[in-house]
Amino acid sequence: MLGRFILFSGYLTAGALLGLWFEVYWPESHAVMIGLVLAASLWMVQDSARADQFLNWLRLDSAAGGGPKSGVWEEFTERVRRMLRERERQTQESQARLKDFLSAMQASPNGVMLLDGEAHIEWCNQTAAAHFGLDSQRDVMQTIGNLVRDPGFVGYLAARNFETSLTMPGRNSTSSRPVTLSVQLHRYGDGRKLLLSRDITAVEQAEAMRRDFVANVSHEIRTPLTVLAGFVETLQTLHLKEGERQQYLALMAQQADRMQTLVSDLLTLSRLEGSAPPGLDARVALPTLMRHLEADAQALSQVIGAVGEADHQFVFDCTFDGNLAGSANELLSAMGNLVSNAVRYTPVGGRISVSVRLRADGCLVFSVADTGPGIAAEHLGRLTERFYRVDRSRSRETGGTGLGLAIVKHVAQRHGAVLSIDSTVGKGSLFSLIFPASRVVPAAAPVGADTSAGSLSVLPDAPANAAIASSIPA
């Protein structure tokens, strides 16, 4: 401001001096006063022009380097320019933080939706849009109640009690592929709401599987326990002949073996789920494995076959004289389950073919084909579920626990293999385990583990020959 005062004083001084010079020639003209007025007017015109230049710069060109170039207005211009630059920097930082925040919510596995006081959609991420079947761009500022018409959700909105979450079906939920959402509203700000959604389909299915598992285990154990309790009561209260007593004891032993087999299968599944997948250093010779499978199949067929009837017709074909990397016990258990299932469910005299072949892509295929009754197509997708049986009465008659194919599935997954099932009612079934080429080892390669016949032991879920007979009802 001192510079501005000095400049104004200079103008007035110049006007006064000019007026004194004129008064020398025209003494009565009041030239000094006129000079002062003219000098002040000239200074005001010049100052007004710079002020107009400053205002125009603010209105039109504040981001550029224009504006007054001298005087106090230049100082004003520089100060305003610095303020604008600081504000722009802060705005950019705020926008960057907002962008990062929105990107984080966009990457959230849960649905996030922002609603205003009237339940209009202000913003939602792609997960929420997928959960509710919305378009994150088109449906902005639309009322959420008009777009999501599920009765439970509409009632949840109307009740305005958001202390608990709501479980509702997702937009793409179908009877064959159900989708379950957990939805909850949270109030924030001035009447706004935060809508969070989470896909809990897997959680609901796991809970349903847990309930079914507990119910099935209870049912499977309760049946033999009921039989045992009845026989024990009979033995305690009645005087039986020696033959009858021996018959009852044999039936009791059979039910005890059934419970023991069930517990062993459950422990096997637990061990498979809780341990690390087998590496590539341990290997098993496929010809040795096939000999074990053939011996067990022949023994089981002789037990199942009635006196005077022919046993099953077996064809064991191993065209690949090499090794398979993995756990010998687990592989024998999985393959043994497939072979024993074929023997149990194929009528005596039927044909069972077991083969091992190497595909052109290097994958190894272990197949078990039978001429049994076959399985309807609607059951194929659930065969590997625990305790799932196509025919419960026939499964119990053959001594099955309903866990064999579940064990096969887990062993296959642990070895990177795929279980393929193809069946036609009245013609038979084909079960195949397809192992990746990374686990196939040619016979000439060095073997990292002992693969002789004596080294192959059997897991509890694939009983040895001596235990097979006890699992078949008398």
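The values are calculated or read from the model by the stated rules, or taken from the named source; none is laboratory data. The shown structure was predicted, so the numbers you read here are calculated from the model rather than taken from an experiment. Ideal geometry is used to build each Cβ from the backbone, glycine not excepted, and the neighbour counts take in all protein chains shown.
Side notes on the structure shown:
- Any chance Ala119 is within 30 Å of Gly170 (Cβ to Cβ), under 25 Å from the mean Cα position of the chain (by Cα) and either small (Gly, Ala, Ser) or modelled with pLDDT under 90 (or both): no
Yes/no per residue for (1) more than 30 Å from Gly133 (Cβ to Cβ); (2) surrounded by 11 or more Cβ atoms within 10 Å (Cβ to Cβ):
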| site | (1), (2) |
| --- | --- |
| Leu196 | no, yes |
| Asp199 | no, yes |
| Val203 | no, yes |
| Ile221 | yes, yes |
| Leu228 | yes, yes |
| Leu238 | yes, no |
| Glu244 | yes, yes |
| Leu249 | yes, yes |
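- Residue count for the range 263-286, restricted to those that are free of Cβ contacts under 8 Å to residues at least 12 places away in the same chain and in a helix (DSSP H, G or I): 4
- Listed by first and then second residue, the pairs with beta-carbon distance under 7 Å, at least 6 apart or on different chains, first residue in the range 31-49 and part of a helix (DSSP H, G or I), second modelled with pLDDT of 70 or more and of a type in the set (Ser, Thr, Tyr), form an empty list.
Table: residues versus (1) of a type in the set (D, E, K, R); (2) modelled with pLDDT of 85 or more.
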position	(1), (2)
Ala285	no, yes
Met290	no, yes
Ala295	no, yes
Ile304	no, no
Glu330	yes, yes
Ser333	no, yes
Ser340	no, yes
Val343	no, yes
Thr346	no, yes
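- The single condition from (1) surrounded by fewer than 16 Cβ atoms within 10 Å (Cβ to Cβ); (2) touching a His at 6+ places or on another chain (Cβ under 6 Å); (3) hydrophobic (A, V, I, L, M, F, W, C) that Ala376 fails is (2).
- Among residues of the range 85-131, those that are part of a helix (DSSP H, G or I) and touching a strand residue (DSSP E or B) at 6+ places or on another chain (Cβ under 7 Å), counted: 4
- Unique residue being in contact (Cβ under 8 Å) with a residue 24 or more places away in the chain and not hydrophobic (A, V, I, L, M, F, W, C) when the list is Arg160, Arg177, Arg192: Arg192
- Cβ-Cβ under 6 Å pairs, at least 6 apart or on other chains, the range 126-138 side more than 16 Å from Met105 (Cβ to Cβ), far side basic (Lys, Arg) and surrounded by fewer than 17 Cβ atoms within 10 Å (Cβ to Cβ): Gly133/Arg171
- Entry remark, the range 226-244: residues being part of a helix (DSSP H, G or I) and either acidic (Asp, Glu) or more than 19 Å from Met259 (Cα to Cα) (or both) number 8 in total.
- Checked against (1) assigned to a helix (DSSP H, G or I); (2) more than 32 Å from the chain's Cα centre (by Cα); (3) touching a residue at least 60 places away in the same chain (Cβ under 8 Å), Val356 passes all but condition (1).
- Scanning the range 252-262 for residues that are touching a residue at least 60 places away in the same chain (Cβ under 8 Å) and surrounded by fewer than 16 Cβ atoms within 10 Å (Cβ to Cβ) gives a single hit, Ala253.
- The set of residues in the range 172-210 that are part of a strand (DSSP E or B) and aliphatic (A, V, I, L, M) comprises Leu181, Val183, Leu185, Leu194, Leu195, Leu196.
- Qualifying residue in the range 263-278 (condition: more than 16 Å from Gly402 (Cβ to Cβ) and at pLDDT 80 or above): yes
- Count of residues meeting criterion [assigned to a loop (DSSP other than H, G, I, E, B) and more than 28 Å from the chain's Cα centre (by Cα)] in the range 140-171: 5
- Phe76 satisfies every condition listed in (1) assigned to a loop (DSSP other than H, G, I, E, B); (2) at pLDDT 75 or above except (1).
- Residue-level analysis places Leu289 among those that are in contact (Cβ under 8 Å) with a residue 60 or more places away in the chain and assigned to a helix (DSSP H, G or I).
- Single residue of the range 185-235 satisfying the filter (hydroxyl-bearing (Ser, Thr, Tyr) and touching a Gly at 6+ places or on another chain (Cβ under 9 Å)) that is modelled with the lowest pLDDT: Thr201
- Hits in the range 107-136 - residues which are more than 16 Å from Phe162 (Cβ to Cβ) and small (Gly, Ala, Ser): Ala107, Ser108, Ala128, Ala129, Ala130, Gly133, Ser136
- Residue, surrounded by the most Cβ atoms within 10 Å (Cβ to Cβ), within the range 348-357, restricted to residues that are at pLDDT 90 or above and among the hydrophobic types (A, V, I, L, M, F, W, C): Val356
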